[in-house]
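The values are calculated or read from the model by the stated rules, or taken from the named source; none is laboratory data. Computed from a predicted structure; not experimentally measured. Here Cβ is always computed from backbone atoms with ideal geometry, including for glycine, and neighbour counts include all displayed protein chains. Only protein heavy atoms, including side chains, enter the accessible area calculation; ligands, DNA and RNA are left aside. Shrake-Rupley method; radii C 1.70, N 1.55, O 1.52, S 1.80 Å.
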Amino acid sequence: SMRDPKMEEIFKVAKDDNRDFLYEHEAKALFALYDMPVTQIHVSPNEDDAVEAANRIGYPIVLKIVSPQILHKSDAGGVIVGVEDDEGIREGFRTIVKNAKAYKADAEITGVLVQEMAPKGTEIIVGSTTDPTFGPTLMFGLGGIFVEILKDVSFRVAPITERDAAEMIEEIKAVKILDGARGMPACHKPTLAEILYKTSKMLMENPEIKELDMNPILAYPDSARIVDARIIM
Ligand code: ADP
Ligand code: MG
């Protein structure tokens with residue numbers, strides 16, 4: 001295939017590991033190959049390495065569990081945000097590993113993901129599922145109650161054009177929030193449209209992807225950052 005060997009490698013590592021999903025850092029590595037805005041990340045096998053990574057990335061830091069048995073990290077007490085110093089990294093590392101073991105006694109711990117903490121922003125969700133008839137689809141919505149309670153989302157079948165991507169954003173009922181209604185900070189729609197367009201391209205080029213979910217993307221007046229990502233193969 002014509003695919004970038006770096007992409008092949010990401011899926012191969014997961015397959016060799018008998019996983020049917022990509023870890024957050026693997027999914028983000030794939031997104032980065034499509035020039036999508038992800039947080040800076042590093043997987044640490046031990047506390048010393050985590051402290052070194054935190055200092056290289058810069059505080060505040062977010063720590064997350066990396067385990068083949070844990071897909072939803074916060075359910076397992078596996079996410080700590082706003083870590084401010086080296087001692088916090090050491091403590092957080094131990095807490096996350098302890099929580100993971102309490103959640104699933106036989107959970108293997110691959111490591112702890114050390115990442116840049118993104119500033120507060122508007123929560124956006126981009127998702128994909130594979131329709132048995134139409135193939136990969138794309139979903140766009142605002143995070144939190146908008147998607148969970150109001151089901152305020154838009155859909156397309158992939159591949160989409162750049163124009164489709166822009167339209168998906170305009171179609172949600174709460175679009176005014178993205179424009180900065182009621183004193184909310186506006187969101188940079190072109191960046192969000194680019195994420196949708198590039199995700200579509202990624203779905204077409206990587207047929208291993210059965211489900212994808214960027215939850216949340218944090219959106220800002222001039223940019224956006226994908227802070228969590230999951231890919232099911
Ligand atoms: P889960 O696997 O439980 O969905 P997430 O990675 O989404 O875990 O983390 C849970 C929450 O922590 C997110 O919804 C977000 O609010 C916050 N969060 C996670 N990563 C970051 C980050 N890098 N910067 C800022 N906030 C983050
Ligand atoms: Mg999440």
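Within segment 168-185, the set of residues being open to solvent by 40 Å² or more (accessible area, probe 1.4 Å), in contact (Cβ under 8 Å) with a residue 12 or more places away in the chain and touching a strand residue (DSSP E or B) at 6+ places or on another chain (Cβ under 9 Å) comprises Glu171, Met184, Pro185.
Looking for something open to solvent by 30 Å² or more (accessible area, probe 1.4 Å), touching a helix residue (DSSP H, G or I) at 6+ places or on another chain (Cβ under 9 Å) and part of a helix (DSSP H, G or I) - is there at least one such residue anywhere in segment 210-228? For segment 210-228, residues open to solvent by 30 Å² or more (accessible area, probe 1.4 Å), touching a helix residue (DSSP H, G or I) at 6+ places or on another chain (Cβ under 9 Å) and part of a helix (DSSP H, G or I): absent. Among the candidates Lys210, Lys198, the residue that is more than 16 Å from ligand 2 (Cβ to nearest atom) and closer than 14 Å to Val38 by Cβ is uniquely Lys198.
Name the residue, out of Val38, Val83, Val43, Val62, that is touching a residue at least 40 places away in the same chain (Cβ under 8 Å) and more than 14 Å from ligand 2 (Cβ to nearest atom). Just a single option satisfies the conditions, and that option is Val43.
If you go through segment 65-88 and pick out every residue that is part of a loop (DSSP other than H, G, I, E, B) and either polar (S, T, N, Q) or farther than 23 Å from Pro119 by Cα (or both), you end up with 5.
Selection of first residues in segment 1-30 that are part of a loop (DSSP other than H, G, I, E, B) and of second residues that are of a type in the set (Asp, Glu), restricted to Cβ pairs under 9 Å at least 6 apart or on distinct chains, gives the following pairs, ordered by first then second residue: Ser1/Glu8; Ser1/Glu205; Met2/Glu205; Arg3/Glu205; Asp4/Glu205.
Take segment 114-154 and flag every residue that is open to solvent by 30 Å² or more (accessible area, probe 1.4 Å), without any contact (Cβ under 8 Å) to a residue 40 or more places away in the chain and in contact with a Phe, Trp or Tyr (Cβ under 7 Å, 6 or more places away or on another chain). Within segment 114-154, Met139, Val153 meet the criteria.
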